[in-house]
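Chemist: Would you mind keeping the following structure in view while I ask a few things?
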């Protein structure tokens, strides 16, 4: 299994359960590891034969940037669903990081894996 990854994608969104969090935009960070067979793309040297990580990032920036979820768990599930269905990815790992959510912690968030490993 080959992995195409997209790490440290920063997106400003309304996220959180507290009243003050519903009134401001906070930065979350996404890391995605996506299963892909890159052999065809490597042979052709064509973007048409691979997973276009720029298209993935643009879609997620638009989606998450316009979202107003309460939980990072919800963002992780929705992001996974978008990538699995819209980009025909068989398996992925999604990490959603909400820096500063807990005093004294560098970062907090969730990591999920969805789909079937090829």
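Chemist: Specify the angular offset, from 0 to 90 degrees and rounded to the nearest 10, of the alpha carbon long axis of helix 72-86 from the longest principal axis of the alpha carbons in the chain.
Modeler: Between the helix axis and the principal axis of the chain, the angle is about 20 degrees.
Chemist: Let me ask you something else. Please compute the modelled spin-label separation between residue 117 and residue 52, points set 7 Å along Cα→Cβ, answer in nm with one decimal.
Modeler: Distance between label points: 3.0 nm.
Chemist: Roughly what % antiparallel, to the nearest 5, for the DSSP beta bridges in the chain? Intermediate results must be reported in sequence, preceding the final value.
Modeler: Working: 23 of 25 bridges.
The answer is about 90 percent antiparallel.
Chemist: Would you compute, from DSSP H runs of 4+ residues alone, the mean residue ellipticity of the chain at 222 nm, taking -39500 (n - 2.57) per run and dividing by the full residue count, rounded to the nearest 500?
Modeler: The helix contribution divided over the chain gives -9000 deg cm²/dmol.
Chemist: P(r) for segment 1-79: what percent of alpha-carbon pairs falls in each 10 Å bin, starting at zero?
Modeler: 17, 42, 24, 13, 4, 0
Chemist: Ok, one more. Which whole-number percent gives the relative contact order of segment 2-115, counting Cα pairs below 8 Å spaced six or more residues apart? Write down the numbers at each step before the final one.
Modeler: Values: 203 pairs, mean separation 31.7, N = 114.
Averaging sequence separation for qualifying contacts and normalising by length gives 28 percent for segment 2-115.
Chemist: Using the alpha-carbon atoms, what tilt in degrees (0 to 90, nearest 10) does helix 53-65 show relative to the longest principal axis of the chain?
Modeler: Rounded to the nearest ten degrees, it is 20.
A short reminder: the numbers here are calculations on the coordinates, not readings from a lab. On a predicted model such as this, the values are computed, not experimentally measured, just so you know. Note that each Cβ is placed from the backbone with ideal geometry, even for glycine, and that neighbours are counted across all protein chains shown.
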